[in-house]
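The values are calculated or read from the model by the stated rules, or taken from the named source; none is laboratory data. All values derive from a computational prediction rather than experimental measurement. Neighbour counts are summed over all protein chains in view; Cβ atoms, including those assigned to glycine, are modelled from backbone coordinates with ideal geometry.
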Amino acid sequence: MLSNQPEFNTVRVFNAPLDLVWRAWTEPALFGRWFGPKGFSSRVKNFDLRAGGMLHSCLISQEGHEMWAKFVYREVTPKTRLVWEHSFSDPEGNLTRHPISPEWPLKLLTTIVLTDLGDKTQLHLHWTPLDASDAECQVFLAGMDGMHQGWGGTWEQLDAFLAEEQA
């Protein structure tokens, strides 16, 4: 293991109240309408929002390629914080390697912290490899630009969803 675990952080302020942003992350029908990088749609297979519970979903590219993911929740603090183990999976929920980058860490520890700013909400996402080898940590470090692009596109989709919900 690297002595300093690599970290990825992104912060975004959304033009929506905390309650709506929280619901977007915690209600399956809403989550499936926005989650994923720009150009992808999302389908939720299972959603059990509690410590030890699991979200199992599929991202679908415009060409129809599927990429399955699974979140195993560690902490659910209403309207404040979600913590989960984030990994790729197969359609049955078994852990798999990244479909394009087999040296990508098998699991990432993900934390989102929401801050109420009145009619806006700040979201801070923190990502770090979990139980990863040095080689996996190096691949994670090398992927920072791609993570900013992927999460940036996801935030764009969340922005559009939140605007639609408030219209």
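A few comments on the model shown:
- The number of residues in the stretch 100-142 that are touching a His at 6+ places or on another chain (Cβ under 6 Å) and buried (at least 16 other Cβ atoms within 10 Å of the Cβ) comes to 4.
- Residues in the stretch 151-167 that are loosely packed, with under 15 Cβ neighbours inside 10 Å, under 18 Å from the mean Cα position of the chain (by Cα) and not charged (D, E, K, R): 152, 160.
- Residue selected from the stretch 57-80 under the condition β-branched (Val, Ile, Thr) and under 16 Å from the mean Cα position of the chain (by Cα), by the criterion farthest from residue 22 (Cα to Cα): 60
- Of all residues in the stretch 32-56 being closer than 13 Å to residue 160 by Cα and modelled with pLDDT of 95 or more, the one that is surrounded by the fewest Cβ atoms within 10 Å (Cβ to Cβ): 33
- Matching residues, the stretch 61-73, being of a type outside the set (Gly, Ala, Ser) and surrounded by fewer than 17 Cβ atoms within 10 Å (Cβ to Cβ): 62, 63, 65, 66
- Here 95, 130, 114, 109 are screened, and the one residue that is among the aliphatic types (A, V, I, L, M) and in contact with a helix residue (DSSP H, G or I) (Cβ under 8 Å, 6 or more places away or on another chain) is 114.
- The residues of the stretch 146-166 that are within 21 Å of residue 9 (Cβ to Cβ) and of a type outside the set (A, V, I, L, M, F, W, C), listed by number, are 146, 148, 149, 150, 152, 153, 154, 156, 157, 159.
- Subset of the stretch 81-136 [in a loop (DSSP other than H, G, I, E, B), farther than 19 Å from residue 19 by Cβ, of a type outside the set (S, T, N, Q) and touching a residue at least 60 places away in the same chain (Cβ under 8 Å)]: 132
- Only residues that are among the hydroxyl-bearing types (Ser, Thr, Tyr) and either touching a residue at least 24 places away in the same chain (Cβ under 8 Å) or touching a Gly at 6+ places or on another chain (Cβ under 7 Å) (or both) were counted across the stretch 62-80, and they come to 2.
- Qualifying residue in the stretch 67-76 (condition: in a loop (DSSP other than H, G, I, E, B), at pLDDT 95 or above and over 20 Å from residue 32 (Cβ atoms)): no
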